Structure formats: C-alpha cells, structure tokens
Amino acid sequence: QVQLVESGGGLVQAGGSLRLSCVASGSIFSRIFSRASMGWYRQAPGKQRESVAAITSGGSTNYADSVKGRFTISRDNAKNTVYLQMNSLKPEDTAVYYCNIHFEGVTWVDYWGQGTQVTVSS
C-alpha cells in the first residue's frame, strides 16, 4: 500500500514559521521517489487548489510568486521525504497543504496526500 503522509501543520501567529514534512511509503514509492517530482499545494476555503512549490528529481525548484523568498522546498531521498520550510507566514497562507508525487516512466504515478492544516493568525 502506498501512502503520502503530511505532518507539521498547526496554528501559528503571523510572522512565525512552520516546517511541513511529507513521507512517501510503500514499495512503488520507495522505488521511484528519487526520480519523481514532488510538490506542495494548498487549498484555502472557497478557493481552488494552487501550486505552492515543486522540486524535481534533479533538485530544481520553483515557487508561486506569493511565497517566493519565504518558503523553501527540499527533499531527502534517503528518507523518501520532502519538506516545506515556511517562514514569515501571513494570514493569507492559511490553507490545507497537500503533498503530491509525480512520476512518468514505465509506471505513471500521480498521487496526493491527505493534507495538513496550516492556520496563521493575525
């Protein structure tokens, strides 16, 4: 059974920091993780899910304009884990944050975690 499990969400005051983690488990994910692209997305109430940050298998990253300079995505292939360091948080960052794994090869994989709530109070 494959899983993406996010953790690290919570309630924080504006200006604070949180670090989200997403662990990929299961035989398929373990085989492909280092070759997969990983992404963090978020969905606020009443809004569409949006991309926050992504990292390729080679370590290239990209960010939504709204989080550039504040958020950092990283990965540890040995732990099958991707992180999202969030600094200088704003109330508008409040959302459920989702982890995504995407791999295209002999096997095509696109899978989502269950999400972790991040709430930033003003």
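I'm checking my understanding of the structure. Among residues of region 39-82 that are under 20 Å from E104 (Cβ atoms) and out of contact with any strand residue (DSSP E or B) (no Cβ under 6 Å at 6 or more places or on another chain), which one is surrounded by the most Cβ atoms within 10 Å (Cβ to Cβ)?
Among those residues, the one meeting the criterion is S57.
Does S88 satisfy the condition of being out of contact with any helix residue (DSSP H, G or I) (no Cβ under 6 Å at 6 or more places or on another chain) and at positive phi?
Taking the combined requirement at face value, the residue satisfies it.
Report whether or not E92 is of a type outside the set (A, V, I, L, M) and surrounded by 14 or more Cβ atoms within 10 Å (Cβ to Cβ).
No.
A short reminder: the numbers here are calculations on the coordinates, not readings from a lab. Values in this document were obtained by computation on a predicted structure and should not be read as measured data. Using ideal geometry, Cβ is built from the backbone for each residue, glycine included, and neighbour counts are taken over all protein chains shown.
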